[in-house]
């Protein structure tokens, strides 16, 4: 094997393990980046777009591969009540890798397809565009669990953002942001624990001696 082939082989192996690198002008992130919720509560997390180029950037479509701990958070869907753009088609659509076949396993692909000839625009940071709002149910107490973007999954799945006016042109920037969710016991459960501890303490408290 020649030196050139060895170098190319090493580059290829590194590329496979490192995953795709993004250096485009549109970043995707979450908001809030940290929150606290009670067990059983609805947890809302916004997907945001912003431009890192200093000017608004057009967006015609996006795929966001999401990852979370399904033992702590249950995905229940999305709401667009706070969205800054009306997508032509959006949601957890069927995909060739079957990632969306089961939305309860901790992985899903959110897709947004823009209006024809009227794309979305990602404003220059620190301003943001709300794409959609993810909704989860908090399942169990934890000091912290993350919702994050995954660069790629399966054979075809990729987290990608596409330009609005140049067909099939990726503009994906930074997708490293995460959303931290701390889940605490619901207040009723806390009071049940406290009352239980008090009852035990009463039972084990030694009786006072009666003197004549």
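Subtract the Cα-Cα distance of residue 180 and residue 35 from 0.36 nm times their separation in residues, and report this length gain in nm to one decimal. Can you show the working numbers first?
Working: separation 145, 0.36 × 145 = 52.20 nm, distance 0.65 nm.
Residue separation times 0.36 nm, minus the Cα-Cα distance, leaves 51.6 nm.
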Overall Cα dimensions of region 20-203, principal axis frame, Å, largest first: 75, 35, 29
Computed E for residue 92/residue 116 - FRET, C-beta separation, R0 25 angstrom, nearest 0.05: 0.70
For region 20-203, share of DSSP beta bridges that run antiparallel, in % to the nearest 5: 85 percent
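FYI, it's all coordinate maths here, none of it is from the lab. Note that this is a predicted model, so its numbers are computed, not measured. Virtual Cβ from ideal backbone geometry, glycine too; neighbours counted across all protein chains shown.
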